[in-house]
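To keep things clear, I will list the structure first and then write my remarks on it.
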């Protein structure tokens with residue numbers, strides 16, 4: 001269950017990439033109880049697990065993004081990555097994690113076949129629509145778009161579930177998109193690669209969202225009675241060297257954690 005929750009969190013982040021041109025910005029991610037939190041046992045357990053993933057106050061990443069990829073520096077421990085670690089995301093979606101202190105790196109492994117099969121069993125159903133609501137966030141005019149996703153629970157027969165336990169997973173993703181910043185083609189390519197890894201690349205609504213081209217200034221993902229809030233601030237253009245998106249030659253490759 002914990003791996004599934006972390007996967008869904010990562011998917012939401014990658015499926016709505018925040019990168020454009022050569023930009024530098026700060027992305028903040030935190031979790032808090034939703035106002036309409038469900039009281040069923042599964043939601044209470046999963047919601048507690050999600051909340052425990054985050055340190056107090058949430059996490060921050062300093063991001064530099066451009067046509068050659070995206071580089072994010074972790075400021076707090078999160079999801080198996082220590083503070084100070086750097087993640088490189090190539091335009092094809094390949095991800096590397098760098099440890100500047102130890103001068104090592106590893107390539108993020110592909111989703112195991114059993115996990116991919118589990119995701120396929122979830123049979124997600126997605127609806128996507130514009131709300132027509134505009135707000136100004138961090139000086140940028142944004143349109144709010146809502147995506148609703150319903151997924152089955154893999155390995156569970158709905159007829160055998162105890163009373164009060166939901167037979168499907170429901171997730172709502174609210175995004176505030178601004179055309180003040182345009183996303184490069186590499187952002188859409190990385191997003192589609194992430195969706196393909198999870199088996200969601202053939203969902204037309206997610207494909208449309210990934211190729212929207214506008215900057216997601218704020219994203220709120222709600223599931224299991226928890227809201228995960230991603231915000232982007234201090235967006236600015238900054239000239240960077242192409243080597244910033246490369247692995248330094250003196251870094252040594254190591255196996256990914258757990259392998």
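The values are calculated or read from the model by the stated rules, or taken from the named source; none is laboratory data. None of the values given here were measured: they were computed from a predicted structure. Here Cβ is always computed from backbone atoms with ideal geometry, including for glycine, and neighbour counts include all displayed protein chains.
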Please go through the range 206-251 and give me each residue that is in contact with a strand residue (DSSP E or B) (Cβ under 9 Å, 6 or more places away or on another chain) and loosely packed, with under 10 Cβ neighbours inside 10 Å, ordered by number. 236
Quick test for you: out of 141, 252, pick the one residue that is more than 22 Å from the chain's Cα centre (by Cα), modelled with pLDDT of 85 or more and under 28 Å from residue 34 (Cα atoms). 141
Determine which single condition residue 171 fails, assuming it passes every other condition in (1) surrounded by 14 or more Cβ atoms within 10 Å (Cβ to Cβ); (2) at pLDDT 85 or above; (3) under 21 Å from residue 222 (Cβ atoms). (2)
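Let's see how each residue does on (1) assigned to a loop (DSSP other than H, G, I, E, B); (2) in contact (Cβ under 8 Å) with a residue 12 or more places away in the chain; (3) more than 16 Å from the chain's Cα centre (by Cα); (4) surrounded by 17 or more Cβ atoms within 10 Å (Cβ to Cβ):
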position: 56; (1), (2), (3), (4): yes, no, yes, no
position: 62; (1), (2), (3), (4): no, yes, no, no
position: 65; (1), (2), (3), (4): no, yes, no, yes
position: 70; (1), (2), (3), (4): no, yes, no, yes
position: 84; (1), (2), (3), (4): yes, yes, yes, no
position: 88; (1), (2), (3), (4): no, yes, no, yes
position: 98; (1), (2), (3), (4): no, yes, yes, yes
position: 101; (1), (2), (3), (4): yes, yes, yes, no
Report the residue count in the range 109-138 for those that are modelled with pLDDT under 80 and under 14 Å from residue 215 (Cβ atoms). 0
